[in-house]
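Here is the structure we will look at.
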Amino acid sequence: VTVTTDRKERVRDGIGTSAKRPDGIPKVAGSFAFSSDLQADGMVWGHVLRSPHPHARIRSIDIGPALAMPGVHAVLTADDVPGDKTYGLEHADQPVFANDVVMHVGEAVAAVAADHPDTARRAARAIVVDYEELEPLVDSEAAITAPPIHRDGNVFHEMVIRHGDPSVDGEVVVEGTYEVGMQDQAFMGPESGLAIPDGEGGVDLHMSTQWLHVDRDQVANCLALEHDKVRMTLAGVGGAFGAREDVSMQVHLCLLALHTGRPVKMVFSREESFLGHVHRHPARMRYRHHADRDGRLVKVEARVVLDGGAYASTSRPVLVNACCFAAGPYDVPNALVEGWSVRTNNPSCGAMRGFGAVQVCFAHEAQMDKLAAALDMDPVELRARNALKTGDRLITGQVLRGTAPVGELIRTCSAAPLPAADPEPDPMALPGGAGRTADRARVRRGVGFALGFKNLMYSAGFDDYSTARVRLENGVATVTCAAAEVGQGFVTLAQQIVREILEVDEVVLAPAETASIGSAGSTSASRQTWMSGGAVERAALAVRARLDAGEQEPLEETYEHHHPPTSPLDEDGQGDAHVSYIFAAHRAVVDVDVDLGLVRVVEIATSQDVGRVLNPLQVVGQIEGGIAQGVGLAVMEEIVLDNGVVRNASFTDYLIPTALDMPEVAIAALVEEPEPGAPFGAKGVGETPTISSSAAVAAAIRDATGLALPRIPVRPQDIALA
Amino acid sequence: MTETATFRLSVNGTEQVVEGAWVGESLLYVLRERLGFPGAKNACEQGECGSCSVLLDGTLVCSCLVLAASAAEREVVTVEGLPGEDGALTDVQQAFLDEGAVQCGFCTPGLVVTIHDLLDRNPAPTELELREAISGNLCRCTGYGRILAAAQAVVATRSGSGRSQREASS
């Protein structure tokens, strides 16, 4: 992939250049301090005991045997939580430690601090918990009407979108039922942190997370401390993708530190990481598309049920997104969308890259292909005929005011040259890799196309903001912002923005922490480029204005950047709920061994709506990485549950794409139509690649096999035994 | 935790004494927690992800799967000990920066060690050989595209400058 920018470089490493990451050198040298690398004098190790049952009553907990072990400093249970017993991003229903009932496998029951991590692990195992197993509720459809398994009920959120005239019918109708399995974010650096008591009742927590200030507030509430007595500093984050948006070990670490009076470090094993964070919501979807004979969409009907698992997390906004984007990036005059996100005894689900848009995209794109077949029309042409454009009305009634280059995405992506079939492929390049394909003549090639879209930033009335400070002293600029760098490259961008505006070479990034600056919001919803990038831009512009007015350094300005206000949806799901939208097209080429059900994804071509490219290298990195996660969901990634019990909490059993699984990515176009109101005209680019890449791969496998394949991930048995 | 051992390891050319370690500790744990070499990362602790890759007597291993006590008297090279001239970055490390192969960076040290090992043994790998060689190193951020580009850039530079033992043949 070659990305060029014809912009004249006024400033070294300014906006539009492939400036290098400021944390790059320590990261390649191995000296970058991830949260799991932290050390402190007198440090002890924490470990959490987790429920093996999806649903059980706790009759008793005996911590005596653990406390008696040499080297053990503390063993804590629900009785030791001084403040709120529960926390949560939106709704505080998740217990710090289970009290009377465990609601999912992996729920925290007790925590230990000991002088060696293995002592802590063994002490946790020595805690005796007497469980009375209860019947788990694991069926999301059944949960809607089943007797409540929690005092707050089984339905996290229920909504409907009625748009236009939901009673009209089209001449051509296609319907289908679709399912998406439970995907895990599977970042490489497991959850870890270090809590250090300050000796005055407060605590400093160094943690890999996505939103420092909201973590701090939840931790402080559980500790019954003033919020400023809990000071959080971002420690090096080994990837996030949504899984670090909820609190995991934060409260446990601080409780252990305050109880022992010592620094406490905790690092999740891979198994604990799988059990200790939220996943992408599994979805069950029923769709009916109506069109006229010319292939114009008349109506979309959809019913979406998301399994939220045991606790609320972000199940409400994920459902809102799933419903808002249920019809895809098309001009749909009439719609009826009904959605539920429900509580079950499965693992909790919450944020993951794409946030509700991924699940419905798989379904609406399968429907578009089905509709094209019913109309005997080219599926790309059908999409082009219905593509959203600026000025169109979404199914939420909102008029699309920003850029929406959907037609351009379709045109460029579908026009990308197809990869040539290799007449003599290396065995390593066959489906399943070396030696698995039995008969090369039974390998079929397929091509599939998909479009996806979602919102940028927080929506539906949420007051979304970020705070940044820029100080200029002796020709050196310092940026203070609590935005979590999780790998995406905000640190690079912050430097580029300040270099561009202040025309300085040296831009220092102060640590991201809660004590020195206000919230930057979460690193999620593709929002940091706009929100924190905008805060940095405006703080820098304010410094620049004073400089230009003749004021002398040092100069310092702080800016709190809010995006334009949005409205909640009304009872018909109508309202101006979102600020801006991002779009992408993906075309997948696959080879399928139809006998063995093995799939090799050969290539993904993509065109993406980016507003403006601020750092070409980083945009490519987001696109390739996002597509990898989409490919994973399409053909291999799923948390396998057996009546609520997770059966594959390891990288041996939960497979993510390796370098051999990952296809070539051909970027057909980065469509740069500057978004009005966005800093530098740029749209966030992180989530877009993940939304429709899974749908495109599934479509390509359908093309190769002729099978309906209504579920992702597509498993070998779905093909071989069909 | 009563069974402990005291032994010597050579890490990056320097003799290290490990005193009173529990015999069950992995080489990864001892490197990271006892000897102050945090470059190797713990991401799965079962040899699936390659984040903990080091060279043990010149052989690429997952240090999470090696008992530290079994590495006594042997030579370990970690990412911190890769030969850059005068403390500079190696060509592989530099290529990772130039080609955008680093995002969160957690897999990076393991991949740098793995690619050095590959290119020392095979200076001109085909793309499939390259993909195969790094397929034991999981990365969740990049989709591997920029990592492959970095490795290919090193191959091109090494063959162009004549530093490799033989010219790129494929």
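The values are calculated or read from the model by the stated rules, or taken from the named source; none is laboratory data. None of the values given here were measured: they were computed from a predicted structure. When we count neighbours, we look across all protein chains shown, and the Cβ atoms used for this are built from the backbone with ideal geometry, even at glycine.
Structure values in brief
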{"read-out": "Within region A:30-68, considering residues that are touching a Gly at 6+ places or on another chain (Cβ under 6 Å) and part of a loop (DSSP other than H, G, I, E, B), the one farthest from A:P95 (Cα to Cα)", "value": "A:G30"}
{"read-out": "Residue satisfying condition, being at positive phi, at pLDDT 95 or above and at the interface with another protein chain (Cβ under 10 Å from one of its Cβ atoms), within set A:G24, A:G42, A:G30, A:G16", "value": "A:G30"}
{"read-out": "Qualifying residues in region A:35-73 (those that are closer than 22 Å to A:K265 by Cα and of a type in the set (D, E)) - the one surrounded by the fewest Cβ atoms within 10 Å (Cβ to Cβ)", "value": "A:D41"}
{"read-out": "Evaluation of A:V298 against (1) surrounded by fewer than 24 Cβ atoms within 10 Å (Cβ to Cβ); (2) in a loop (DSSP other than H, G, I, E, B) (one fails), failing number", "value": "(2)"}
{"read-out": "Test: residue in region A:452-468 that is aliphatic (A, V, I, L, M), over 30 Å from A:I410 (Cα atoms), in contact (Cβ under 8 Å) with a residue 24 or more places away in the chain and not in a loop (DSSP other than H, G, I, E, B)", "value": "yes"}
{"read-out": "Residue match in region A:210-218 (condition: free of Cβ contacts under 8 Å to residues at least 40 places away in the same chain, within 24 Å of A:A483 (Cβ to Cβ) and buried (at least 24 other Cβ atoms within 10 Å of the Cβ))", "value": "yes"}
{"read-out": "Total residues in region A:219-243, condition touching a His at 6+ places or on another chain (Cβ under 7 Å) and either within 14 Å of chain B (Cβ to nearest Cβ) or closer than 21 Å to A:K85 by Cβ (or both)", "value": "3"}
{"read-out": "Number of the exception - A:N643 against (1) in contact with a Ser or Thr (Cβ under 6 Å, 6 or more places away or on another chain); (2) at positive phi", "value": "(1)"}
{"read-out": "Leading residue by the ranking (nearest to the other protein chains (Cβ to nearest Cβ)) among those in region A:596-634 that are touching a strand residue (DSSP E or B) at 6+ places or on another chain (Cβ under 8 Å) and part of a loop (DSSP other than H, G, I, E, B)", "value": "A:V613"}
{"read-out": "Condition check for B:V30: more than 11 Å from chain A (Cβ to nearest Cβ), assigned to a helix (DSSP H, G or I), at pLDDT 95 or above and surrounded by 21 or more Cβ atoms within 10 Å (Cβ to Cβ)", "value": "yes"}
{"read-out": "Members of region B:60-82 that are over 10 Å from the mean Cα position of the chain (by Cα) and not aliphatic (A, V, I, L, M)", "value": "B:C64, B:S70, B:E73, B:R74, B:E75"}
{"read-out": "Answer residue from region B:116-139, given it is among the aliphatic types (A, V, I, L, M) and part of a helix (DSSP H, G or I) and is nearest to the chain's Cα centre (by Cα) among those", "value": "B:L118"}
{"read-out": "Unmet requirement for B:A156, which otherwise passes all of (1) modelled with pLDDT of 95 or more; (2) out of contact with any Ser or Thr (no Cβ under 6 Å at 6 or more places or on another chain); (3) more than 30 Å from A:P431 (Cα to Cα)", "value": "(3)"}
{"read-out": "For B:E80: the one exception among (1) more than 9 Å from every other protein chain (Cβ to nearest Cβ); (2) within 30 Å of B:V155 (Cβ to Cβ)", "value": "(1)"}
{"read-out": "Among (1) of a type outside the set (A, V, I, L, M, F, W, C); (2) surrounded by fewer than 17 Cβ atoms within 10 Å (Cβ to Cβ); (3) farther than 23 Å from A:A123 by Cα, the one test that B:D91 misses", "value": "(2)"}
{"read-out": "Residues that are among the polar types (S, T, N, Q) and closer than 11 Å to A:Q250 by Cα, drawn from region A:200-214", "value": "A:S208, A:T209"}
{"read-out": "Pick from region B:116-138, criterion at the interface with chain A (Cβ under 7 Å from one of its Cβ atoms) and surrounded by 23 or more Cβ atoms within 10 Å (Cβ to Cβ), ranking: nearest to B:G58 (Cα to Cα)", "value": "B:I134"}
{"read-out": "Failed item in (1) touching a strand residue (DSSP E or B) at 6+ places or on another chain (Cβ under 8 Å); (2) under 22 Å from A:A98 (Cα atoms), with A:S248 passing the rest", "value": "(1)"}
{"read-out": "Given (1) free of Cβ contacts under 8 Å to residues at least 12 places away in the same chain; (2) farther than 19 Å from A:K27 by Cα, index of the condition B:Y29 fails", "value": "(1)"}
{"read-out": "Identity of the residue in region A:635-688, β-branched (V, I, T), at the interface with another protein chain (Cβ under 9 Å from one of its Cβ atoms) and free of Cβ contacts under 8 Å to residues at least 60 places away in the same chain, that ends up nearest to B:G145 (Cα to Cα)", "value": "A:T658"}
{"read-out": "Residue tally, condition within 11 Å of chain B (Cβ to nearest Cβ) and not in a loop (DSSP other than H, G, I, E, B), over region A:107-119", "value": "4"}
{"read-out": "Given (1) closer than 30 Å to A:D642 by Cα; (2) surrounded by fewer than 23 Cβ atoms within 10 Å (Cβ to Cβ), number of the condition A:S348 does not satisfy", "value": "(2)"}
{"read-out": "Residue match in region B:52-72 (condition: at the interface with chain A (Cβ under 9 Å from one of its Cβ atoms), in contact (Cβ under 8 Å) with a residue 60 or more places away in the chain and within 16 Å of B:R32 (Cβ to Cβ))", "value": "no"}
{"read-out": "Lone unmet requirement of (1) surrounded by 24 or more Cβ atoms within 10 Å (Cβ to Cβ); (2) acidic (D, E); (3) not in a loop (DSSP other than H, G, I, E, B) for A:D246", "value": "(3)"}
